[in-house]
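Since the structure comes first, as structure tokens, the remarks are kept for the end.
The values are calculated or read from the model by the stated rules, or taken from the named source; none is laboratory data. Note that the structure is predicted; figures quoted are calculated from it, not measured. Every residue, glycine among them, receives a Cβ derived from its backbone with ideal geometry; neighbour counts consider all protein chains shown. Only protein heavy atoms, including side chains, enter the accessible area calculation; ligands, DNA and RNA are left aside. Shrake-Rupley method; radii C 1.70, N 1.55, O 1.52, S 1.80 Å.
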Amino acid sequence: GAVVSQHPSWVICKSGTSVKIECRSLDFQATTMFWYRQFPKQSLMLMATSNEGSKATYEQGVEKDKFLINHASLTLSTLTVTSAHPEDSSFYICSATIANYGYTFGSGTRLTVV
Amino acid sequence: AQTVTQSQPEMSVQEAETVTLSCTYDTSESDYYLFWYKQPPSRQMILVIRQEAYKQQNATENRFSVNFQKAAKSFSLKISDSQLGDAAMYFCAYRPLSGGGADGLTFGKGTHLIIQP
């Protein structure tokens with residue numbers, strides 16, 4: 001139980017285009033979803049917290065206009081990287097809170113901007 | 001702000017032996033949760049073990065146990081009888097109890113664990 005499905009698993013896009021990453025909670029309602037970014041051989045850095053039906057909260061230093069987060073339903077949160085550039089290439093992971101203060105993670109999306 | 005420090009970028013252990021991964025953290029909160037996550041090459045984050053700060057008893061999960069020293073703000077992970085499948089990146093993580101689930105995790109930089117056959 002408590003599975004988060006993340007798609008796509010990998011994507012290559014041209015510089016200047018936008019890319020959307022989806023995270024769906026399959027068997028539970030995710031009122032809160034977290035988005036992390038992980039550079040190669042580095043740790044996960046929290047980018048933003050999205051709450052269903054309200055605006056996302058972004059961590060300091062994260063451009064909210066570049067990383068658009070939408071959490072329109074209790075089972076779907078999306079991250080759109082707008083006007084992507086090579087420096088946005090990274091591994092993006094979503095996570096949702098589950099019972100007993102736990103977390104479940106998506107399988108991640110490897111974004112390469114060329 | 002809270003920080004999590006893992007001072008061992010890489011550790012190596014012989015199969016079947018025991019290894020301990022270190023983690024220290026800094027927080028002004030009195031109640032919080034600490035986690036160890038495993039990230040294999042697939043990059044899927046897998047929960048290894050969790051500790052509630054208000055519990056004095058150290059958490060254990062089969063071959064995995066922690067040594068939680070609240071006063072020292074230390075949270076080490078011991079893996080007994082190491083197996084080849086244990087090879088992965090291990091991340092220590094923290095979240096405050098306050099916030100009711102609205103807080104994301106603060107991760108350490110990770111320790112790459114190598115298992116020698």
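At a glance:
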quantity	calculated
Qualifying residue in the range A:42-50 (condition: free of Cβ contacts under 8 Å to residues at least 40 places away in the same chain, within 22 Å of B:Ala93 (Cα to Cα), within 9 Å of chain B (Cβ to nearest Cβ) and over 14 Å from the mean Cα position of the chain (by Cα))	yes
Selection within the range B:60-105 - assigned to a loop (DSSP other than H, G, I, E, B), in contact with a Leu (Cβ under 9 Å, 6 or more places away or on another chain) and in contact (Cβ under 8 Å) with a residue 24 or more places away in the chain	B:Ser82, B:Ala87, B:Leu105
Residue match in the range B:2-15 (condition: free of Cβ contacts under 8 Å to residues at least 12 places away in the same chain and either touching a strand residue (DSSP E or B) at 6+ places or on another chain (Cβ under 7 Å) or part of a loop (DSSP other than H, G, I, E, B) (or both))	no
Flag for B:Asp86 being surrounded by fewer than 18 Cβ atoms within 10 Å (Cβ to Cβ) and over 21 Å from A:Tyr36 (Cβ atoms)	no
Some residue of the range B:25-37 being under 26 Å from B:Pro117 (Cβ atoms), of a type outside the set (Asp, Glu) and surrounded by 14 or more Cβ atoms within 10 Å (Cβ to Cβ)	yes
Residues (more than 12 Å from chain B (Cβ to nearest Cβ), closer than 19 Å to A:Val4 by Cβ and of a type in the set (A, V, I, L, M, F, W, C)) located in the range A:53-80	A:Phe67, A:Ile69, A:Ala72, A:Leu74, A:Leu76, A:Leu79
Failed criterion for A:Ser50 (all others in (1) at pLDDT below 95; (2) open to solvent by 10 Å² or more (accessible area, probe 1.4 Å) hold)	(2)
